[in-house]
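Computed from the coordinates by the stated procedures, all read-outs in this text should not be read as laboratory data. Remember, it's a predicted structure, so these values are computed and weren't measured experimentally. Note that we place each Cβ from the backbone using ideal geometry, even for glycine, and neighbour counts take in every protein chain shown.
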Amino acid sequence: MPLFDFRCRACGQEFESLVRSAGYGDPPTSCPSCQAVDLERLLSSFAVSSADKTRAAAAAKNKKAAAIGRADTAAMDREIDHHRHEDH
Ligand SMILES: [Zn+2]
């Protein structure tokens, strides 16, 4: 039986619980702290990789935004030069 991490949505308690392999429905357990059954199953490896992807995507987005910012500035400089030449 796989051991899964759960987090109680009621009190935030995190705990491990054995889950029947077919049990992809409701978590078959309750919070050991407050006995709430409103539990979130934590898929630790997936959560980590998802967080990494989010960080990577955010970094890429920032990098792209910075590149666009530089390109806009360069285009603006060229535009200013162009008008400056037209004035003469
Ligand atoms: Zn709880």
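Rounded to the nearest 0.05, what FRET efficiency do SER33 and ALA59 give with R0 = 35 Å and r taken as the Cβ-Cβ distance? Could you check?
Computed FRET efficiency for SER33 and ALA59 comes out at 0.45.
Grab the Cα-Cα distance for ALA75 and GLU16, subtract it from 0.36 nm times how many residues apart they are, and report the gain in nm with one decimal.
Result for the pair: 15.6 nm of gain on full extension.
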